[in-house]
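Trainee: Quick one: structure below, then a few questions.
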Amino acid sequence: MSVNNNPQTTYSISDLSKEFDITTRSIRFYEDQGLLKPKRRGQTRIYSLKDRVRLKLILRGKRLGFSLAETRRLFELYDADKSSTSQLNTMLALVEEKKTALQQQMDDIKVVLMELNSAEQQCRAALEDNLSNRA
């Protein structure tokens, strides 16, 4: 991903595609979902700085496990009241949910790893017994 130290005011779909290393199809999908709202000049999409920031947030949220519905909800809250209090409270609730889910997954993984280690030890012991009995 390239770093843009001098942000433009408008971007083409190919500009954003290259910058964020995603397909133009993905960008059009986010537009279809109502997350991005580019202006049109004929058939050409013209994305604003706001669209670019939103795309960055969409991709970051995706990496963190947020659904597009959750991301849309945050955008709608921000757009509705223009104050970030409601958005931040919702974000905190979503972050707490994600942390709880990840902690549960981590606990589950630890249990499975312990079970696998136990099974591995039992298999190795059985192999040693088999080899000792053959000798």
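No value in this document is a laboratory result; all are computed from the given coordinates. All values reported here derive from a predicted model rather than from experimental measurement. Glycine also receives a Cβ, built like all others from the backbone with ideal geometry; neighbour counts cover every protein chain displayed.
Trainee: Could you list, in sequence order, all residues of segment 46-69 that are among the β-branched types (Val, Ile, Thr) and within 8 Å of the chain's Cα centre (by Cα)?
Mentor: Selection gives ILE58 alone.
Trainee: Among the helices (runs of 4 or more DSSP H) contained in segment 18-81, which hold 3 or more residues that are surrounded by fewer than 14 Cβ atoms within 10 Å (Cβ to Cβ)?
Mentor: In segment 18-81, 49-63, 68-81 are the helices (runs of 4 or more DSSP H) which contain 3 or more residues that are surrounded by fewer than 14 Cβ atoms within 10 Å (Cβ to Cβ).
Trainee: Continuing with the same structure: Kindly indicate whether any position in segment 89-98 is within 30 Å of LYS18 (Cβ to Cβ), more than 19 Å from the chain's Cα centre (by Cα) and without any contact (Cβ under 8 Å) to a residue 40 or more places away in the chain.
Mentor: Within segment 89-98, not a single residue is within 30 Å of LYS18 (Cβ to Cβ), more than 19 Å from the chain's Cα centre (by Cα) and without any contact (Cβ under 8 Å) to a residue 40 or more places away in the chain.
Trainee: Moving to a separate point now. So which residues in segment 82-125 are of a type in the set (Gly, Ala, Ser) and assigned to a helix (DSSP H, G or I), if there are any at all?
Mentor: SER84, SER86, ALA93, ALA101, SER118, ALA119, ALA125 - these are the residues of segment 82-125 that are of a type in the set (Gly, Ala, Ser) and assigned to a helix (DSSP H, G or I).
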